[in-house]
Structure formats: structure tokens, C-alpha cells
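Below: one structure, written as C-alpha cells.
The values are calculated or read from the model by the stated rules, or taken from the named source; none is laboratory data. Only a predicted model underlies this, so the values are computations on that prediction, with no experimental measurement involved. Using ideal geometry, Cβ is built from the backbone for each residue, glycine included, and neighbour counts are taken over all protein chains shown.
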Amino acid sequence: MRLTYLGHSCFLVETAKARLIIDPYLNDNPAARIKAADVQCDYILVSHGHEDHSGDALEIAKRCGATLIANYEIAEYFGAKGAKTHGMNPGGGHDFPFGRVKLTLAHHTSSHNAGLNPIYMGVPCGLILQADGRTLYHAGDTALFMDMQLIGRAGLDAALLPIGDNFTMGPDDALTALEFLKPKVAVPIHYNTWPPIAQDAGAFAARAAKAGHTVKVMKSGDTLDV
């Protein structure tokens with residue numbers, strides 16, 4: 001399994017049988033080095049409805065004929081707009097041709113077109129992806145929660161964790177999350193895109209190393225073989 005970081009919380013995941021993009025946010029993402037038109041994939045995984053996680057999902061789904069995997073409300077919303085979708089909900093898993101996806105809890109909110117007329121987009125989720133004999137956890141946008149200890153029982157090869165604070169876990173809570181999850185390697189996400197979530201990922205990695213955890217800080221375009 002190969003991960004390519006595309007900025008913010010977006011990753012391209014290449015498995016032996018498929019290419020997947022998680023939380024596609026490229027066209028309006030100041031950290032992204034590519035645009036949605038540059039993406040080729042077979043599946044799209046969306047953790048929740050906020051535009052900085054789902055903003056380019058419809059464009060990519062229609063152009064690539066990719067199946068969008070998300071909670072039921074998000075799947076229905078994009079399905080009504082012409083995307084091919086597969087709806088799920090937290091606690092549920094499904095076997096796809098490339099491997100297995102399970103949705104987990106995440107403590108956050110989930111809407112689209114926030115402001116005067118927000119559209120409810122179901123509960124936010126984390127994502128567990130099992131493929132090629134590897135297990136990847138994308139936490140989505142979440143606060144720290146005790147059930148991360150249960151997620152860690154899956155035997156995580158990699159965990160993608162928000163550290164930006166303000167909207168999600170900050171570095172202190174992300175360090176506790178590492179204690180709960182015990183991944184072989186963790187990658188910080190959802191930071192430095194805008195001033196309210198500015199963080200020093202290198203300092204977080206150093207603190208994690210002192211506690212016995214391996215953290216890989218990735219720049220947009222970097223790859224990691226899991």
C-alpha cells in the first residue's frame with residue numbers, strides 16, 4: 001500500500017487492485033500541488049461533509065466513474081447529483097474488490113454549505129482501510145475519544161491524525177491518541193492550511209518520538225509505503 005499526501009487531509013492510496021482518494025480537497029486547497037482534474041482513481045472515501053474534505057468528490061467521481069464511499073447521507077447527497085456511491089455508517093464494514101472499509105466514530109460535525117443554509121450530512125466518521133495485508137486508519141476530523149483504544153486493536157500499520165487544534169485534536173490530544181492507537185507509523189494531517197490550525201508538525205513528531213512513537217511528517221506530494 002502506497003500513500004501520497006496531497007495536502008490538508010487528502011491522500012491518494014494505491015493498492016494492488018485499486019487507486020483510492022481520501023477526503024478530496026484540491027482545487028481550493030492552498031497546500032495542494034495538484035488539482036482535481038489531475039486525479040485518476042477508482043474509489044473516493046469521504047469522512048464527513050465539510051467542503052475541505054468533500055469539495056472535489058463529485059467532480060472526481062463523475063470524471064473517473066469512481067465509487068464514492070461515505071456515510072449514508074453523504075452517499076445519498078452525491079448520488080442524487082449523479083455520482084456512483086456506496087453508503088455506510090459507523091460500526092459497519094464492507095468488502096470491496098480492493099479490500100475492506102469500516103467506518104468508525106469521530107467526534108466533530110458534518111454539514112455542507114455551512115452558513116445561513118447548512119445541509120446536514122450525517123455523522124462524521126473515521127475510516128479503517130484494509131488492503132494488501134495492511135491496515136490504515138484515517139481519523140477524519142475528530143476530537144480525542146476513549147474508543148480509539150478499540151480502533152487500535154485492529155493492529156494499525158499507519159494512522160493519519162489531525163493535529164491542527166481549534167476544529168480537531170491538537171498536538172497534546174494527538175499524543176494521547178497515539179497511546180490509544182499504537183500505530184506502527186503516524187502521519188499528522190489537518191494543520192497549517194489556515195492560520196487557526198497552524199502547528200509545528202516537526203515539534204509534534206519530536207515529542208512523539210520521546211514517547212516511543214514513530215511520526216512521519218509529510219509534505220504535499222510525498223509518498224509513504226506502508
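Quick check on the range 190-201. Is at least one of its residues in contact with a Cys (Cβ under 9 Å, 6 or more places away or on another chain), modelled with pLDDT of 95 or more and not polar (S, T, N, Q)? No, the range 190-201 contains no residue that is in contact with a Cys (Cβ under 9 Å, 6 or more places away or on another chain), modelled with pLDDT of 95 or more and not polar (S, T, N, Q). Looking at the range 4-30, which of the residues that are outside any loop (DSSP other than H, G, I, E, B) and aromatic (Phe, Trp, Tyr) is farthest from Gly126 (Cα to Cα)? The residue in question is Tyr5. Each residue in the range 12-34 was checked for being of a type outside the set (Ser, Thr, Tyr) and crowded, with 23+ Cβ neighbours inside 10 Å, and 7 of them qualify.
Checked against (1) within 20 Å of Ile44 (Cβ to Cβ); (2) buried (at least 23 other Cβ atoms within 10 Å of the Cβ), Ala131 passes all but a single condition, namely (2).
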